[in-house]
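Worksheet for the structure shown next.
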């Protein structure tokens, strides 16, 4: 068999202006920004896979798979932002209520980038499946060749109230702008790097599955061992072993209940992005991150209102070593390219799903998580993914007299993530959290079956199985959810203000699906 996939995604961004109101009722402020320039991004990817399955006998199967993946990424932008931090008129009886009265800070910010990345990844893998009585063995051997060519050119210049802000972000302003800054003019941040990286990998695993009985309780065993060896450029090979074990039990007196106990040591060898530091340099000596997992879970299948439901619960603890710390900038992950941290994570997840309305699937979920890291023995602080509570609801229904007319409601509430600090700042100096994330989505769809539309002898229409027309509203209540902050300096008080950058507001979406 063969699988082929090609995609070409082009994104053109041309910001115009922005106004964000913040502060308090007694001291309202506004950030007004006017933009010039644009960003042009292009992501092209190609994937091809060829596989062959051969059955030696009813108990032995061999699979051979070869795949090639190529990705070309371009991120080009030149954006000039001219901003004004101002006080807002809060006099309720005034005709200028809400208008800008007095500027506390003005300045400009120029961002430039010419980033190109080309990645070529070739894989060849052989899998063997053996069945011997109640024992099942799965064995795999895999070789990977990765070639990544990367060029990064990024710089940012910030001018505030007539003077250039030098790195690092927090500086002693003395009496500026009244006294001139006679120091050298340098970009606030500047990254220039070109790397050509080649990574070779050898991977193998063996997995054993078996089932037996203990006092009439059914037990399933799953034991596995994974081996991974890799080399960056011409450096020596590094290798790791990752064992894991899973035991499942189905009680005799309740066959609809499954208990699972899982233990495993998971080693994650670095990919290219984990080898690249914030300044664009490559560190080929980054070790594999190690995580030891302890997981206890339960699945309970039951009937309610003469319909099937499933309740899933899980509690876990993870001990992390050789951690490679990272930061989040919008949706971009930047690694430090060092193994200078330790971390832990623990939490629990609950989910119930089933036919709350007959013929449709709905679910409710709840999650709790706490994860912290200790960088260079400076103490434990929250990791970027430390989102304490997560709630989710997906409810689907339909019109009884028109079952093809369906609707859904999706509700999400998550507590805030750590973040919002200035770019490239010390995470120990900004231990803030973003506001909670809240969103509600709604959708309506109508499905037309083949029996309804197949009223002609046209060959094309005969091949259509069904057509679905839908209308969706994302972020129905237009909640303002922030992902980062823009930091602006007030030259008079020499304070910094964090102004939230909000995610996409309410979106209307119309879709058409045709199944053949």
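Classify segment 307-363 as rounded, prolate or oblate, taking a ≥ b ≥ c as the square roots of the eigenvalues of its Cα gyration tensor: rounded when a/c is under 1.5, otherwise prolate if a/b is larger than b/c and oblate if not. Since a/c reaches 1.5 but b/c is at least a/b, the shape of segment 307-363 is classed as oblate.
Could you state the number of Å between the C-alpha centres of segment 1-52 and segment 383-435? Each part reduced to its Cα centre gives a spacing of 20 Å. Sorting 333, 412 by the number of Cβ atoms found within 10 Å of their own Cβ, with the fewest placed first, yields 333, 412. Computed log10 I(q)/I(0) for segment 253-358 at 0.19, 0.24 Å⁻¹: -0.94, -1.20, from the Debye equation with unit scatterers placed on every C-alpha and solvent omitted.
For the pair segment 290-347 and segment 218-288, the centres of their Cα atoms are 13 angstrom apart.
This structure gives semi-axes √(5λ) of the Cα gyration tensor in Å, computed directly, and of [x] 40, 28, 22; [y] 46, 34, 27; [z] 35, 30, 21 that value is listed as [y].
Which shape class applies to segment 1-206: rounded if a/c is under 1.5, otherwise prolate when a/b exceeds b/c and oblate if not, where a ≥ b ≥ c are the square roots of the Cα gyration tensor eigenvalues? Prolate, since a/c reaches 1.5 and a/b exceeds b/c.
Only helices enter the 222 nm calculation for the chain: every DSSP H run of n ≥ 4 contributes -39,500 (n - 2.57), and dividing by all residues gives -500 deg cm²/dmol, rounded to 500. Take the alpha carbon gyration tensor of segment 94-148, find the square roots of its eigenvalues, order them as a ≥ b ≥ c, and report rounded if a/c is under 1.5; if not, report prolate when a/b exceeds b/c, else oblate. Oblate is the answer for segment 94-148, as a/c is 1.5 or above yet b/c matches or exceeds a/b.
Any read-out appearing in this document is the output of simple, stated calculations on the displayed coordinates, not a laboratory observation. All values reported here derive from a predicted model rather than from experimental measurement. Note that each Cβ is placed from the backbone with ideal geometry, even for glycine, and that neighbours are counted across all protein chains shown.
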